[in-house]
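Some notes on the structure that comes next.
The values are calculated or read from the model by the stated rules, or taken from the named source; none is laboratory data. This one's a predicted model, so the numbers in the text were calculated from it and none came from an experiment. Virtual Cβ from ideal backbone geometry, glycine too; neighbours counted across all protein chains shown. These accessible areas exclude ligands, DNA and RNA; they are computed on the full protein's heavy atoms, side chains included. Shrake-Rupley method; radii C 1.70, N 1.55, O 1.52, S 1.80 Å.
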Amino acid sequence: MISLSVTGLQKYLRTLLTLRKSVRSDIPLKRIGVKLTQKIDSYFNKQGNEGTRWTPLNNPRPTNKNILITTGALRSSFEFTIKRGEVIVGSKVEYSAKHQQFYGNTRFSNAQIPRRPMLPPQQIVGQIAEKQFNKYFNEVIGKV
């Protein structure tokens, strides 16, 4: 039988223990939530999502020319929560889903609300998450 003994690992084990104690998983999640809500707010400023303009208003003489910003209730309703290691971003305003997805004729309404996506596409969400996790891990590693 042959064997191999590795010595001198105590320094690395101490480093790993230090990292384990200093990592708080909710910090990057909170940063992701903040960045996503900022991205949503930018869509309201640009009146569109990732280079695609929102469908204009049907009213030829709107009192407010900004799409989806009459009172500001919808715009300010977006928030995030952290549950079980994930970030949930959304709006509790009832009509937010109708604007996010096309809302056609139903038995409740003859109105058609065009799709005006306010939530970032999955690719953008992934980029934001990756950037925030990388930033956080670099900060933690830099403290060791």
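Considering the stretch 35-56 alone, what residues qualify as being open to solvent by less than 70 Å² (accessible area, probe 1.4 Å) and within 11 Å of residue 116 (Cα to Cα)? Break it down into steps so the answer makes sense when it comes.
Step one: list which residues in the stretch 35-56 are open to solvent by less than 70 Å² (accessible area, probe 1.4 Å), which gives 36-37, 39-44, 47-49, 54-55.
If the condition is that a residue be open to solvent by less than 70 Å² (accessible area, probe 1.4 Å) and within 11 Å of residue 116 (Cα to Cα), then 43, 44, 47, 48, 49, 54, 55 are the ones that fit.
Filter the stretch 55-89 down to the residues that are of a type in the set (A, V, I, L, M) and at pLDDT 85 or above, then identify the one that is farthest from residue 125 (Cα to Cα). Lay out the reasoning, then the answer.
The initial filter retains those residues of the stretch 55-89 that are of a type in the set (A, V, I, L, M), namely 57, 67-69, 73-74, 82, 87-89.
Next cut, at pLDDT 85 or above only: 73-74, 82, 87-89.
Values: 73: 24, 74: 20, 82: 15, 87: 11, 88: 11, 89: 11 Å.
The qualifying residue farthest from residue 125 (Cα to Cα) is 73.
Tell me which residues, restricted to the stretch 122-140, are surrounded by 11 or more Cβ atoms within 10 Å (Cβ to Cβ) and not charged (D, E, K, R). Working first, answer last.
Taking the stretch 122-140 as the starting set, the residues that turn out to be surrounded by 11 or more Cβ atoms within 10 Å (Cβ to Cβ) are 124-137, 139-140.
Matches in the stretch 122-140: 124, 125, 126, 127, 128, 129, 132, 133, 134, 136, 137, 140.
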